[in-house]
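Down below is the structure, laid out as structure tokens.
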Amino acid sequence: ETSLWRTRVRGSLLLAACADALGSAFEGRRGLSPEQVAAAVDRPQSPLRWTDDTAQMLVLAAHLAEHGGLVASDALAAAFADEWSAEPWRGYGPGAAQLLSQIATGVPWRVAGRSLFDGAGSLGNGAAMRVAPVGLITGWGLDAVASAAVASALVTHVHPEGIDGAVAQALAVALAARTPRRQRPSAEELIGAIASRTATAAFTAELEAIPALLDGPAGAISDRFRCDATALGAVPAAITVFLRYPDDPAAAVKEAIGLGGDTDTIAAMAAAMCGAHCGDSAVPASWAAQLEQPERVRAAADRLATLESRRYLGE
Ligand code: F2R
Ligand code: MG
Ligand code: MG
Ligand code: MG
């Protein structure tokens, strides 16, 4: 039972890291052909170097393992800022870099996060892209997952849509991990569980568009969602791709990248869901062979997977 859970946690983090790296070569591009994406993804010939998405996901995994839970805290904000300071070249967005550099120089996270985007706070997908570990704590119910996702977002993303993105992604990973391997995840259940725990009408409207996109051409997904670096534009697209290919991470990653736009992030989020559902045996061998620091990702997963279900430390 423990080792079954561990394969899911490993699968989720490893596939997210691989997909982040694979997608990063295409980030910001549009109009990609399936052939062009397949050529890069099927048999990568160079090391898969991950970006800010995975760097921050590993920070969150380590923080959860160390503390047994999480709250929006100075320690969590400092951990993200330290990671950025150590490797600022991982492809952070301008808003994130500005914020993390402020935190690194002593500006309180509550002040720094509120100052972004003329006081609106970030509605970027950065809180969602890193949140998979929150969905992978055995023994947490969906309400605990949602509260922890909110807390994890708040240190950098205070806009309600940025927070909703994290809640949605964490719940999607949690439900994927809790669905028996041979059972197809239910779109209706997943969408209902997310819609009842997110805060904005805008997010609910995007979730309600998903069922009509589950069959039919991938082009309909990028017609409906912006597939950009915002939470609203990216997270529903990732959930859609996962629900189309819950058992086939390679197909999911290719489709996610093919949408164009925020390719590393949408692919990583969809892959985190596939991995949580399928386990690490679903990681393509050609990806595992090229992944940067695979032992570090596995170790982070194993610490999370063996975390005792301690009392949730929410506010
Ligand atoms: N940002 C990128 N990639 C583009 C730059 C690559 C890099 N410079 C390089 O050279 O490689 N990738 C990463 O950022 C995304 C996650 O973003 P995060 O962490 O949420 O950052 P940010 O800046 O807060 O938000 C992202 C963009 O969303 C728009 N936005 C956010 N809040 C807004 C608001 N209130 N009003 C209007 N627009 C808002 C802005 O365009 C932000 O730049 C991931 O893709 C990750 O891979
Ligand atoms: Mg990135
Ligand atoms: Mg709601
Ligand atoms: Mg990205």
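The values are calculated or read from the model by the stated rules, or taken from the named source; none is laboratory data. Owing to the predicted nature of the structure, the values given are computational and were not obtained by experimental measurement. Because the Cβ atoms are built from the backbone with ideal geometry, glycine has one as well, and the counts that use them run over all protein chains shown. SASA here: full protein model, heavy atoms, side chains in, ligands and nucleic acids out. Shrake-Rupley method; radii C 1.70, N 1.55, O 1.52, S 1.80 Å.
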Among S3, S46, the single one that is open to solvent by 10 Å² or more (accessible area, probe 1.4 Å), more than 16 Å from ligand 4 (Cβ to nearest atom) and not in a helix (DSSP H, G or I) is S46
Going through region 226-245 in order, the residues found to be crowded, with 22+ Cβ neighbours inside 10 Å and within 19 Å of C278 (Cβ to Cβ) are A238, I239, T240, V241, F242, L243
Exception for D264 within (1) more than 16 Å from ligand 1 (Cβ to nearest atom); (2) out of contact with any Pro (no Cβ under 8 Å at 6 or more places or on another chain); (3) not hydrophobic (A, V, I, L, M, F, W, C) falls at (1)
Picked from region 149-171 (must be of a type in the set (G, A, S) and away from ligand 2 (no atom under 16 Å from the Cβ)), the residue nearest to the chain's Cα centre (by Cα) is A170
Output for Cβ contacts, cut-off 9 Å, separation at least six or different chains, first residue farther than 15 Å from C227 by Cβ and outside any helix (DSSP H, G or I) in region 23-40, second open to solvent by less than 70 Å² (accessible area, probe 1.4 Å) and within 14 Å of ligand 2 (Cβ to nearest atom), reads A25/I257; A25/T263; A25/D264
Scanning region 63-78 for residues that are surrounded by 20 or more Cβ atoms within 10 Å (Cβ to Cβ) and under 15 Å from L99 (Cα atoms) gives L76, A77
Within region 135-149, residues being away from ligand 1 (no atom under 16 Å from the Cβ) and not in a loop (DSSP other than H, G, I, E, B) number 9
Expected single match for in contact with a strand residue (DSSP E or B) (Cβ under 6 Å, 6 or more places away or on another chain) and within 16 Å of ligand 2 (Cβ to nearest atom) among A270, A229 is A229
* To do: Kindly establish whether T51 is within 12 Å of ligand 1 (Cβ to nearest atom) and not hydrophobic (A, V, I, L, M, F, W, C).
  => yes
Per the filter on region 89-126, residues hydroxyl-bearing (S, T, Y) and either crowded, with 18+ Cβ neighbours inside 10 Å or modelled with pLDDT of 95 or more (or both) are Y92, S101, T105, S122
